[in-house]
Amino acid sequence: MGWIALLAIVALAMGAMIVARLPRILWMMTGAALALGAVGYALQGSAMLPASPAQPTQVAAESDDPELAVLRDQMLGRFTGDGAYVIAADAMRRSGDKAAAVRVLLGGINRIPDSLLLWTALGTALAANDGERMSPPALLAFCHASRLSPDHPAPPFFAGLVYVRAGDFAAARPLWARALALTPTNAPYRQGIAMRLLLLDRYLTLTGGRAPR
């Protein structure tokens, strides 16, 4: 229902601009604003879930957003030996202790050094701990995850998510495109990746690739 409501809002806004005969420059500004809002909703909202009363919250991470958590679990699994470390790290992040989340994941990697799930989660956790940006340690973790499984969509998708949260949409675009290309056509998470890439492309087209201010 969330995607339907989102598309309805966009259609109504465009219809109102046609009726009002707004200048072209206002079309571009309004379109960019709608696209940016849609990208933010796709990343931080739960577009596939029913509506519910708003509650105060911090910026959502995979552990806080049910839709992103489901996407991650569909890609990488959850109820496994390495999944237990991710669940514990999620709990640390929800409590506000991002450094502890990193330590938990490093402990898991020490025991399961070839875990794609743990290295991907470590990249996300390091980025969050380093100010929601793609820091060198976070980039190294994502690169190692990609080396472990070059044909898996999770490392490029979650690396792209870090760039989007940092406001570097242009850097995120090729990563999300690669994630979609690596995703099997029948994968349950393909629609989630495709929709985010579509909204990101719409924003980049309307803004000429400029970062939001």
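The values are calculated or read from the model by the stated rules, or taken from the named source; none is laboratory data. The structure presented is a predicted model; accordingly, all values stated were derived computationally and were not measured. When we count neighbours, we look across all protein chains shown, and the Cβ atoms used for this are built from the backbone with ideal geometry, even at glycine. Surface areas here come from the heavy atoms of the whole protein model, side chains and all, with no ligands, DNA or RNA. Shrake-Rupley method; radii C 1.70, N 1.55, O 1.52, S 1.80 Å.
Before moving on, here are some points about what is shown:
- Within region 161-185, tally of residues that are touching a residue at least 40 places away in the same chain (Cβ under 8 Å) and crowded, with 19+ Cβ neighbours inside 10 Å: 4
- Filter result for residue 188 (of a type outside the set (Val, Ile, Thr), part of a loop (DSSP other than H, G, I, E, B) and open to solvent by 50 Å² or more (accessible area, probe 1.4 Å)): yes
- Residue in region 122-130 that is in contact with a Gly (Cβ under 8 Å, 6 or more places away or on another chain), in contact (Cβ under 8 Å) with a residue 24 or more places away in the chain and closer than 17 Å to residue 76 by Cβ present: no
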